[in-house]
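Written below as structure tokens is the structure these notes are about.
The values are calculated or read from the model by the stated rules, or taken from the named source; none is laboratory data. Since we're looking at a predicted model, the values are computed, not measured. Neighbour counts run over all protein chains shown; Cβ positions are idealised from the backbone, glycine included.
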Amino acid sequence: MATRSAAPAAGAADEPAARDPRRWPILAVIAVAQLMVVLDLTVMNLALPSAQRALDFSAADRQWVVTAYALSFGSLLLFCGRLADLVGRKATFLTGLVGFAAASAAGGAAADFSMLVAARACQGVFGALLAPSALSLLATTFRDPKERARAFGVYGAVAAAGGGLGLLLGGALTSYLSWRWCMYVNLVFAAVAITGGVLLVGRQERTPGGRLDVPGVAAVSGGMLCLVYGLSNAASHGWRTPSTWGFLVAGAALLGVFAGWQGRSAHPLLPPRIVLDRVRAGAYLTILISGAATFGVFLFLVYYMQVSLGFSAVRSGLAMLPMVLLSGTSAALGNTRLMPRFGPRPMVVAGMLLSAAGMVWLTRIGADSGYASALLGPLMVIGAGMGLIFGMAAASGTFGVAPRDAGVASASINTGQQLGGSIGTALLNSVAASATTGYLADHLHGRPTPQVLQLAAIHGYTTVFWWCAGIFAVGAVVCGTLLPRGPLARPKETLVRAPSPEAASARQ
């Protein structure tokens, strides 16, 4: 056991890793890669109508362009996160980038619906490999607490703003070029990130003596696949169909088996020490809850702007820009100013309450609302709140983990976000449909007029915003209670000793 007198030597041994002269260019590479993954969650949303017309597939099939990505991405995240620890983060990072670019090129050149869906599924596979690799590279590159806060502030800004940027970019590309460029644009991001990754990212340690937990991979991947598929069915076919509740029950059972197995496995896929830590558990729960509520902004607000207010795709994207800017700014400031001084709890509570307040403000929209009077203020408030939430989660979700666990800890953040988004998709779509149907039942006298249909749709949107406000408010209470108060102490893992010969031989 190391004595106190060994601490300075340990810190000195770690100093080269903490002060890698390439660390800031590496951050830029990671940010580009993460932006590509986050953009792809929303960039196709505005391109779907054009793709549907070009490839001639039905409205019922349209959901599979989104669902195929979500299924493969969500089900493989934990497996790919552990794979990054075992194989080496640089190798999985570059493999994810190359594969994502190839799948994007195939999707852009799709000649029919099946080719597009297959390409989206492959994007999800390589995205699941890329996302945890990028975040774990960030966690292991920046060891100095102050620099780490700045780095995670940048990463949080990208994570918080990427969805809105995806809507802006998707609208512009679809309007001025073609829906296919919503896929081809990934080649530009990938080329930059691949070049930077090859030239800048050094050799990464692998987990010495680690083995892949095959039963754990099968249980968690199958469980996540069933949950995401069941929730996707709920969004399109309702909660009572066997294809919904049957898969949800199967998914919950498989995840229960997975949780029980992790306590017994000699080489667990998700070591209990990661999720039983109060800070990290709070971060994962935070990202899950906020992911469910954030869906209301990115989908229903776009519907409102385009269908009710008649905004074009480009104008809808530009309308989201203030939220994007505030998200990035608050994530960066929160991680560099608030987190070191107050800790994660105030950031989460403030972010959740700000987002809830913005959602309540959005419930005042109407058929003739103006952008400046009804949308600009709420979007800025929500953007500030989301930035605080995502900035905190990215930093706290990997806080204190040993380098051998960085990949799977990073994957847990992405898993929470993906699962939260799937829950939000199913729940809020059902809420909107029920509210719209109820409004028509109460106000319809004879054949529905366009005005009544429009008011019914807006009633559905505002009901969703109330639900989102409630989700954020519950998140403020639950996550604020779970997270510890006060600033976080510097984790012991940042003062690592010099690598052993066995660990050094495991470098790639």
(message) I'd like the residue in the stretch 165-183 that is part of a helix (DSSP H, G or I) and of a type in the set (S, T, N, Q) and, out of all such residues, is surrounded by the most Cβ atoms within 10 Å (Cβ to Cβ).
(response) Thr174
(message) Under 7 Å between Cβ atoms, which residue pairs at least 6 apart in sequence (or on different chains) link something in the stretch 138-151 that is assigned by TED's automatic domain parsing to the domain that holds Ile413 with a partner that is among the charged types (D, E, K, R) and part of a loop (DSSP other than H, G, I, E, B)?
(response) Thr141/Asp20; Pro145/Arg490
(message) For Ser232, only one of the following conditions fails: (1) surrounded by 21 or more Cβ atoms within 10 Å (Cβ to Cβ); (2) under 20 Å from the mean Cα position of the chain (by Cα); (3) at pLDDT 80 or above. What is its number?
(response) (3)
(message) Go through the stretch 317-341 and report how many residues are buried (at least 22 other Cβ atoms within 10 Å of the Cβ) and either free of Cβ contacts under 8 Å to residues at least 40 places away in the same chain or under 26 Å from Ala367 (Cα atoms) (or both).
(response) 5
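Within the stretch 103-120, track down each residue that is among the small types (Gly, Ala, Ser) and not in a helix (DSSP H, G or I). Walk me through how you get there before you give the answer.
Applying the first criterion (among the small types (Gly, Ala, Ser)) to the stretch 103-120 yields 103-111, 114, 118-119.
Of everything in the stretch 103-120, those that are among the small types (Gly, Ala, Ser) and not in a helix (DSSP H, G or I) turn out to be Ala109, Ala110, Ala111.
Scan the stretch 235-254 residue by residue and report those that are of a type in the set (A, V, I, L, M, F, W, C) and under 22 Å from the mean Cα position of the chain (by Cα). Walk me through it before giving the result.
We begin by selecting, within the stretch 235-254, every residue of a type in the set (A, V, I, L, M, F, W, C); these are 235, 239, 245, 247-250, 252-254.
Within the stretch 235-254, Ala235, Leu248, Ala252 qualify.
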(message) Please pick out the residue among Thr436, Thr425, Thr415, Thr398 that is assigned by TED's automatic domain parsing to the domain that holds Tyr303, hydroxyl-bearing (Ser, Thr, Tyr), surrounded by 19 or more Cβ atoms within 10 Å (Cβ to Cβ) and outside any helix (DSSP H, G or I).
(response) Thr398
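Could we say that Leu135 is of a type in the set (A, V, I, L, M, F, W, C) and either in contact with a strand residue (DSSP E or B) (Cβ under 6 Å, 6 or more places away or on another chain) or more than 30 Å from Asp61 (Cβ to Cβ) (or both) here?
Details: of a type in the set (A, V, I, L, M, F, W, C): yes; either in contact with a strand residue (DSSP E or B) (Cβ under 6 Å, 6 or more places away or on another chain) or more than 30 Å from Asp61 (Cβ to Cβ) (or both): yes.
So Leu135 passes the test.
Could you say which residue among Ala319, Ala372, Ala332, Ala384 is assigned by TED's automatic domain parsing to the domain that holds Ala473 and under 18 Å from Ala473 (Cβ atoms)? Quick ask: steps written out before the conclusion?
Details: Ala319 fails: under 18 Å from Ala473 (Cβ atoms); Ala372 fails: under 18 Å from Ala473 (Cβ atoms); Ala332 fails: under 18 Å from Ala473 (Cβ atoms).
From the options Ala319, Ala372, Ala332, Ala384, the qualifying one is Ala384.
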(request) Pull up the stretch 365-391, narrow it to residues that are in a loop (DSSP other than H, G, I, E, B) and free of Cβ contacts under 8 Å to residues at least 12 places away in the same chain, then point me to the one that is surrounded by the fewest Cβ atoms within 10 Å (Cβ to Cβ). (result) Asp368
(message) Residues that are surrounded by fewer than 17 Cβ atoms within 10 Å (Cβ to Cβ), part of a helix (DSSP H, G or I) and either touching a Leu at 6+ places or on another chain (Cβ under 8 Å) or at pLDDT 80 or above (or both): does the stretch 63-72 have at least one?
(response) no
(request) Please go through the stretch 109-132 and pick out each residue that is closer than 17 Å to Gln417 by Cα and of a type in the set (A, V, I, L, M). (result) Val125, Ala128, Leu129, Leu130, Ala131
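Could you say which residue among Ala283, Ala259, Ala293 is in a helix (DSSP H, G or I), out of contact with any helix residue (DSSP H, G or I) (no Cβ under 8 Å at 6 or more places or on another chain) and under 23 Å from Cys479 (Cβ atoms)?
Numbers: Ala283 fails: out of contact with any helix residue (DSSP H, G or I) (no Cβ under 8 Å at 6 or more places or on another chain); Ala293 fails: out of contact with any helix residue (DSSP H, G or I) (no Cβ under 8 Å at 6 or more places or on another chain).
Just a single option satisfies the conditions, and that option is Ala259.
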(message) List pairs: first residue in the stretch 245-268 and free of Cβ contacts under 8 Å to residues at least 24 places away in the same chain, second residue surrounded by fewer than 16 Cβ atoms within 10 Å (Cβ to Cβ) and part of a helix (DSSP H, G or I) anywhere in the structure, Cβ distance under 8 angstrom, at least six positions apart or on different chains.
(response) Gly263/Pro272
(message) Any residue at all in the stretch 91-98 that's of a type in the set (Val, Ile, Thr), part of a helix (DSSP H, G or I), within 19 Å of Leu187 (Cβ to Cβ) and more than 17 Å from the chain's Cα centre (by Cα)?
(response) yes
(request) Among the residues of the stretch 296-320, write down those that are within 26 Å of Val452 (Cα to Cα) and in contact with a Leu (Cβ under 6 Å, 6 or more places away or on another chain). (result) Gly296, Ala313
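Search the stretch 432-468 for residues being of a type in the set (S, T, N, Q) and more than 20 Å from His237 (Cβ to Cβ), and hand back the single one that is modelled with the lowest pLDDT.
To start, the set of residues in the stretch 432-468 that are of a type in the set (S, T, N, Q) comprises 434, 436-437, 449, 451, 454, 462-463.
From the residues that got through so far, the ones that are more than 20 Å from His237 (Cβ to Cβ) too are 449, 451, 454, 462-463.
Numbers: Thr449: 80, Gln451: 83, Gln454: 86, Thr462: 93, Thr463: 93.
So, considering only residues that are of a type in the set (S, T, N, Q) and more than 20 Å from His237 (Cβ to Cβ), the one modelled with the lowest pLDDT is Thr449.
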(message) Pairs needed: first member in the stretch 187-201, within 11 Å of Leu137 (Cβ to Cβ); second member anywhere, surrounded by fewer than 17 Cβ atoms within 10 Å (Cβ to Cβ); C-beta distance under 6 Å; at least 6 residues apart or different chains.
(response) Leu200/Arg22; Leu200/Pro25
